[in-house]
Every structure is written in structure tokens, then in C-alpha cells.
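Down below is the structure, laid out as C-alpha cells.
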Amino acid sequence: MTINEQPSAAPEPTSEPVPEQAAPEQARPVALITGVGRSIGIGAGIARQLAASGWDIAFTYWTPYDRRMEWGAEDGAAAAIAKQLADAGARTAAIEADLTGPDAPTRIFDEAEQRLGPVTALVLSHAESVDSGLLDTTVEAFDRHFAVNTRASWLLIREYGLRFRGERGAGGGAGTGRIVALTSDHTVGNLPYGASKGALDRITLAAAHELAHLGVTANVINPGPVDTGWMNDELRTALTRGTPLGRLGTPRDTAHLVDFLCSPQGQWVNGQLLKSNGGAAS
């Protein structure tokens, strides 16, 4: 008999395995990374690593800053970085933004969400950094460093906390949200940079407690001496000699740690200032 002859009968078992249905494709989480203006920079290294780990990437850059620095602007950097991220499977949003403006963080989040969706991880790798000491720092330079390195970071973290819609974690445990900020302990001869980064540390570590109800972790990384084109030969040699591992840091070194902190395996690390510097002495 066939099934067609007896519609009410159950089908006979078959010895051939039934193909498993493919699981629905999971949406990639979105990371917003600031300070991704140069392809050899730490921000770009972090973006490439997170893209390879399954994140979609929104990133900010500000070409006028690079133009006034010794290394100069890298023509076409944002487009080249975006292509690298896309080649790794990430959707991307490159956002040019002047972080001296207090309205910039809101506009950045608006554009990132419109183009990619809600932000799960916020990585702060932007910086204003112009060498000057106690006696020669101008009020204008001091204010600009704090506007970019401190105020903009606070406003970005605040905007993130106000908008976060990710998983908050079972039983009040760590959820999916991540904040990672890059800092520095360089202050001698670099007063406004070091002071503004020190304030950034405190703001980020406060977020580990004040945003805990959202299931968000917040950590600070001091990557130590990383040569991204700003060192001269004398400084490069001196810093290499002062590092027990006998080399300078690379953007990839920092990116691996950020990747871990943003992963489920890194959710128990919270409220920490981590030195990832090869043992270099302060």
C-alpha cells in the first residue's frame, strides 16, 4: 500500500537521515569605536579585530586633527578601513565627527543606530595629544584636551547608558554591554593629555558601578608604548630598552585585549584599569 491509498496512515520510517534545518542567521552585535582615523592606528587595529570576531563596526574619525599633527592625514583612510572591515563580514558606518563639540556624541549615536542598529560595545580610542608641560601649556590647549579626552568621553558613555537596549544578564549577572576606554599615564611634558586621560579613567570606572543595573561592564586599558608612526628613532630605541619583552606594543596587542573584554569570556572583568604594556616601567 502507498500513503496515497491510505491518507490516514502514518508514513513508513525511512533509513535515510533527514537533513537538519539551518539555524536562523544571528544578527551581529554593533561596536562603536572612536578615533579610527589612520590605518596603522590602535583604533583601526581594534576595529579589524572585532570585525573578525563577528561585530558590525561604526567608527569615528576626524581628519583635521591628523592634518595638524606631525604624521599628517592619511588620504582615503576611512574608506580603506571600512573596506577591510567589510571584507571581514562586517557592516560598517564611518562617521566623521569633531569631538570638541558637546553635541557630537548624540549625533554619532544617532547615525550609528540609524545605519547599523543599537550599540552593544563602546570603545573609546580617540585622543587629543599635543605635547606641552606645566609652564607652556596654553589655556586653549588645556581646554581642548579636556573637551575631547574627558568631556566627549563622558558624554559618549552617558549617551550609551541612556540608549543601551542589550541583554542585561540572567539573575542580575553580567549582560552583553561593554565599555572599554584607552588611557595613558604619560604626564611629564604632556600635562593636558595625561591629566585629561586621568579624568577619563575615573569616569569609565564610575560607569562600571553606575551602569551595572544595565548589565554593562566598563574597563580602562593602558596600552603602554605603541608605535603608530609618532615616535622618532631615539624615543623608539629608549622605550624598547625599557620594556622587559624587548619590543614596543602593536595595535594588535591592544586589539586582542579589547576583543577579550567584549567577549562573553571577558564579562567577569569589570571596573579595572588594565596595563597591557609588556611590563614597561612607568
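The values are calculated or read from the model by the stated rules, or taken from the named source; none is laboratory data. Quick caveat, the model's predicted, so the values are computed rather than measured. Neighbour counts are summed over all protein chains in view; Cβ atoms, including those assigned to glycine, are modelled from backbone coordinates with ideal geometry. The protein model used for the area step is the full one, side chains on, heavy atoms only, and it has no ligands, DNA or RNA in it. Shrake-Rupley method; radii C 1.70, N 1.55, O 1.52, S 1.80 Å.
Of the residues that sit in region 242-282 and are in a helix (DSSP H, G or I) and of a type in the set (D, E, K, R), which one is least open to solvent (accessible area, probe 1.4 Å)? Ranking the qualifying residues of region 242-282, first place goes to Asp259. In the set (1) open to solvent by 30 Å² or more (accessible area, probe 1.4 Å); (2) without any contact (Cβ under 8 Å) to a residue 12 or more places away in the chain; (3) under 18 Å from Leu156 (Cα atoms), the condition left unmet by Pro102 is number (2). The residues of region 202-213 that are crowded, with 17+ Cβ neighbours inside 10 Å, at pLDDT 95 or above and in a helix (DSSP H, G or I), listed by number, are Ile203, Thr204, Leu205, Ala207, Ala208. Entry remark, region 118-147: residues being outside any helix (DSSP H, G or I) and in contact with an Asp or Glu (Cβ under 8 Å, 6 or more places away or on another chain) number 1 in total.
In region 240-261, the residues that are over 22 Å from Gln272 (Cβ atoms) form Cβ pairs under 6 Å with partners that are in a helix (DSSP H, G or I) and among the hydroxyl-bearing types (Ser, Thr, Tyr), at six or more places apart or across chains, as follows: Leu248/Thr240. Please determine whether any residue of region 81-93 is surrounded by 13 or more Cβ atoms within 10 Å (Cβ to Cβ), within 15 Å of Ser196 (Cβ to Cβ) and modelled with pLDDT of 95 or more. Within region 81-93 (the criterion being surrounded by 13 or more Cβ atoms within 10 Å (Cβ to Cβ), within 15 Å of Ser196 (Cβ to Cβ) and modelled with pLDDT of 95 or more), the answer is no, since none of the residues qualifies.
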